[in-house]
Amino acid sequence: MLLLEVIKKATIDSGTFTTKLKYPIVLNADVILPNLKPESGGPNEISPIKRMGGWRISDTDSEIIELSNHFFNKLKRKLKNPKSLNQGEFLETLNLFLEKNGEKLGLSCHVDSSDSSYTCLMIQKLGFFISRDAIILILEASLVLELWELLETIIVQGLVVHSSSSNLVQSLIEKKRSDLLCLCVMHISDLQAPDLLSILKYFLSPPKHAYNCVVSVRKEWESQALLAIEKATSQNLSKKRSDLAKQASILLMTAHDDFSTFELCLHYVFASPNLDELTLSSSVRRLNSSEMLSLIRYLGKWLMKYEKFPQAGPCPKAASKLGLKACLWVPSLESVVTSLGLVLDDHFSSLVLYSDFHEELKLIEDIMKSLVAEARLCCPIANVLQNLIKDVGLCEAEKSELV
């Protein structure tokens, strides 16, 4: 029997796929692992995998699981009739659940329960102990009651699981919550192709009356760009930090100027480290002609920006050292070119047939030729600089030997 077959058999025998999940939270391994010991299977036992005996979870984990199951069942009954769900009652139930968990863990929020941000602060502290099934119901209730601040906190804390992300994305699109869709792209690490397609379609062809909630996205980019300029002109920073601020201000200026508000939302998609080519290609392939034209124009704008401002480049250090988080969400030239390549690969035949695309593609072709020419010029210079650096290193080594 192959090792893989042995592992599969042991997994099935353990009941993982046939029984309901008994432990919906992250268990305290410090209490469990020291007590585990291999069970003897008898003299005829030949399997390299043996069962472990002595399994016992801590009393605290047992109590938290019991609290979670009670909260889940209560909220599930309420959601059977969403119209009867009351905002005050829901928040009171959620707060009580979080407070009891906090007592078991010895954690407190140090904020008065009457404070409007109390529930969000409690989620920040204790969200990692909320079970997956309970999170799904909390998301559902928050959408029904339109508790947008609570939803934002849950998304930012990374508590949204794959099994609930699709429903969340579709609901936010229906509610026209562009700002929260941006947060989904930023903080849901396993966003699937159907969700990405829906988000792309929404930002490339926004529905009517969808501009109210997207204004905050532009304001955030504006505030980050102004903060970068302020730091770049400050006399209180060291030269190294001042130079970093100048680099960040150029990058954020290129990312903000000449882009529409919904195109600023697209920045998060094409700068996301979680976006792989397969997922993007699968989504791009299903865009219609008008959406494709909007996407090509967006990517073309980026090519023009990078041609016009060759000094603009990634500066992730500005996020941690200067608080300019937006620098992490500016699409790089590499990302733009890769995405454009996927678009052309998937839609080349249709692009040739539609005359509307010809002018855009001709403009992109001219920009690409210019960028390629610069790259060819830079490569020999880079080689010379690399050789010079090596020569300097050798000279320094020879000097140290003589000394």
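The values are calculated or read from the model by the stated rules, or taken from the named source; none is laboratory data. In this text, all values refer to a predicted model and were calculated from it rather than measured experimentally. Cβ atoms come from the backbone with ideal geometry, glycine included; neighbour counts cover every protein chain shown.
When you check residue 206 against the structure, is it in contact with a helix residue (DSSP H, G or I) (Cβ under 7 Å, 6 or more places away or on another chain), more than 23 Å from residue 307 (Cβ to Cβ) and crowded, with 18+ Cβ neighbours inside 10 Å, yes or no? It would help to see each step written out before you state the result.
Numbers: in contact with a helix residue (DSSP H, G or I) (Cβ under 7 Å, 6 or more places away or on another chain): yes; more than 23 Å from residue 307 (Cβ to Cβ): yes; crowded, with 18+ Cβ neighbours inside 10 Å: yes.
Considered against the rule, which asks whether it is in contact with a helix residue (DSSP H, G or I) (Cβ under 7 Å, 6 or more places away or on another chain), more than 23 Å from residue 307 (Cβ to Cβ) and crowded, with 18+ Cβ neighbours inside 10 Å, residue 206 comes out as yes.
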Task: Number of the condition not met by residue 256 [criteria: (1) in contact with an Asp or Glu (Cβ under 8 Å, 6 or more places away or on another chain); (2) touching a residue at least 60 places away in the same chain (Cβ under 8 Å)] - done: (2)
Open item on the list: Quick check on this structure: which one of 181, 145, 197 is touching a residue at least 40 places away in the same chain (Cβ under 8 Å), outside the structural domain of residue 286 (by TED's automatic domain parsing) and touching a Lys or Arg at 6+ places or on another chain (Cβ under 7 Å)?
Closed with: 197
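From 312, 326, 318, 225, which residue is in a helix (DSSP H, G or I) and over 30 Å from residue 172 (Cα atoms)?
After ruling out the rest, the residue left standing is 318.
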Open item on the list: Considering only residues that are within 18 Å of residue 222 (Cα to Cα) and surrounded by 15 or more Cβ atoms within 10 Å (Cβ to Cβ), which ones fall in the stretch 316-334?
Closed with: 318, 319, 322, 324, 326, 327, 328, 329, 330, 331
Task: Test: residue 190 is farther than 24 Å from residue 323 by Cβ, touching a residue at least 24 places away in the same chain (Cβ under 8 Å), surrounded by fewer than 17 Cβ atoms within 10 Å (Cβ to Cβ) and out of contact with any Gly (no Cβ under 9 Å at 6 or more places or on another chain) - done: yes
- [ ] Report, by residue number, each residue of the stretch 209-226 that is buried (at least 19 other Cβ atoms within 10 Å of the Cβ) and hydrophobic (A, V, I, L, M, F, W, C).
- [x] 214, 217, 221, 225
- [ ] Give 120, 109 a once-over and let me know the one that is buried (at least 18 other Cβ atoms within 10 Å of the Cβ), part of a helix (DSSP H, G or I) and assigned by TED's automatic domain parsing to the domain that holds residue 90.
- [x] 120
